[in-house]
Amino acid sequence: MAKPHKPSSHQPTKKHPVVPTPPTRASGDPIFGQPQPSPDPTTFKDPVTDASQPDVAGVQPVPQPAAAATEPILTLAQIYGSQGATITQTIQTAGRIVFHSLGDTGSVIGPITQSLVADKMVTDFTEANSADVPSFCYHLGDAVYYFGEGEYYYDQFFEPFRNYPAPILGIPGNHDGIVYSTDPATTLQAYLRNFCASAPAPSPDAGGLSRTTMIQPGVYYTFDAPFVRILGVYSNALEDPGVISDQGGTYPTLDQRQITFLTTALKRVKSESHTGALIIAVHHPPFTGGTNHGGSPLMLADIDSACTAAGVWPHAVFSGHAHNYQRYTRLVKAFQIPFMVAGCGGHSPLSSMRSTVRTPYKIDSTLTLESYDDTDYGYLRVIVNASTMTIEFHPQHDGGTTKTPDDVVTINLAARTIS
């Protein structure tokens, strides 16, 4: 439920966090955070000037993944380069993995709200137990606004996350793919350059900052890490609804490839007897009670069709797009599936809910709104071990000295029930 806004206790990061990465770096290895932390900027170097431009109407073509793979796959070991095997083994030995997730981090009015969230996330790298340190951040889309042009990546992505010392990967959102009629850039051009490079390299959009490009095999793909597997799909460039297929000819620009990808990936989960956590990530939320966006029921039907065909359902669904925090529980058969909305990653302003309700609020026999916060920026911290996945919501206003989440849900992976 929404809570009164508390005064911010944010302070700029004072310490350079310690991450479980060996100090040596081979030639060609990726770089994440800056060598030394630096103060937050107070203004943009390249202010947003095209917010009033009308975007090109309709869904946009979806770039095909590398080698036209049916199920493109990326592993945690790959994104760490030469240190990948060591880091993967360290996580497996510890018996759990921790990671961040959030969406809608780009802001058009200035860097302050972006920095508040990113700086709070950086404090999670200062832990008494190294097993509690996040291994990566999974971004749920809308890294930049209003149009996904390279000129905005420095102010809205590279600069706010300059002190974040771990990989950032994810899926694009609608603003990452939107173009306007006279835009020289094509849909997702800058996103592909910065997130889907063939190898880690300095980005021309980074303004000289150290973070190298990410090596996602496409805008939809499977991400495999110890204890968790994330299936990410691209829900295209409309404000609403999210679209991942041609929906029976409604969107002739698209096809069924993302549904085939989901079905194939889910069948592999079954054939491999994968026992870890399974997450589906999609920018547009299937459910939302926010005022600025609606849900995407036909997109959810596409996801359900893949799950039904494979006989496999996710342990959770992660989304952004709605600029607040929401947590739902959906009942599918006997499964309790959290649907998380974490679109409060820094984009200003936040979006209020359509009404104020006391949670848990039962919407129908299969869906309950368990918790929400429409007054705070923040992010998800996820902890997965061999038997459970715990998803925490951390608002930035708690500051770096508070590590207790404001909302939490734990999923029993085998029973598929929540507590």
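The values are calculated or read from the model by the stated rules, or taken from the named source; none is laboratory data. No experiment lies behind these values; they were computed from the predicted model shown. Ideal geometry is used to build each Cβ from the backbone, glycine not excepted, and the neighbour counts take in all protein chains shown. Ligands, DNA and RNA are excluded from the accessible area calculation, which covers all protein heavy atoms including side chains. Shrake-Rupley method; radii C 1.70, N 1.55, O 1.52, S 1.80 Å.
Observations, loosely collected:
- Length released on extending from residue 352 to residue 45, taking residue separation times 0.36 nm less the Cα-Cα span: 107.6 nm
- Rolling a 1.4 Å probe over the protein chains gives residue 347 an accessible area of about 10 Å².
- Long-range tail of P(r) for the stretch 290-415 (Cα pairs > 16 Å, %): 65
- The stretch 230-282 - percent of accessible surface contributed by carbon and sulfur, probe 1.4 Å: 52
- Of the residues 414, 323, 389, the one whose Cα sits farthest towards the positive end of the charge dipole of the chain is 414 (charges of +1 on Lys and Arg Cβ, -1 on Asp and Glu Cβ, taken about the Cα centre).
- Dipole magnitude of the stretch 232-282, debye to nearest 20 (Cβ charges: Lys/Arg +1, Asp/Glu -1, about Cα centre): 340
- Among the listed values [x] 29, 63, 8; [y] 21, 34, 22, 18, 5, 0; [z] 23, 56, 21, 0, the one matching P(r) over Cα pairs in 20 Å bins from 0, in percent as calculated from this structure is [x].
- Using a simple spin-label model with pseudo-atoms 7 Å out from Cα toward Cβ, residue 68 and residue 85 lie 3.3 nm apart.
- The stretch between residue 36 and residue 126 holds 30.9 nm of extra length on full extension. This uses 0.36 nm per residue minus the Cα-Cα distance.
- Dipole in debye (nearest 20) - the stretch 108-242, about Cα centre, beta carbon charges: Lys, Arg +1; Asp, Glu -1: 340
- Placing pseudo-labels 7 Å out from each Cα toward the beta carbon at residue 272 and residue 251 gives an inter-label distance of 2.7 nm.
- Among 310, 157, 74 - extreme Cα towards positive end, dipole of the chain, charges at beta-carbon: 310
- Leading residue at positive end of dipole, the chain (Cβ point charges), from 335, 263, 121: 335
- Helix-only mean residue ellipticity at 222 nm for the chain, each DSSP H run of n ≥ 4 adding -39500 (n - 2.57), per residue, nearest 500: -4500 deg cm²/dmol
- Rule-of-thumb Rg ratio for the stretch 257-362 [Cα; 2.2 N^0.38 Å; N residues]: 1.15
- Put a plus charge on the Cβ of each Lys and Arg, a minus charge on the Cβ of each Asp and Glu, and nothing anywhere else: the dipole of the chain about its Cα centre is then about 1200 debye.
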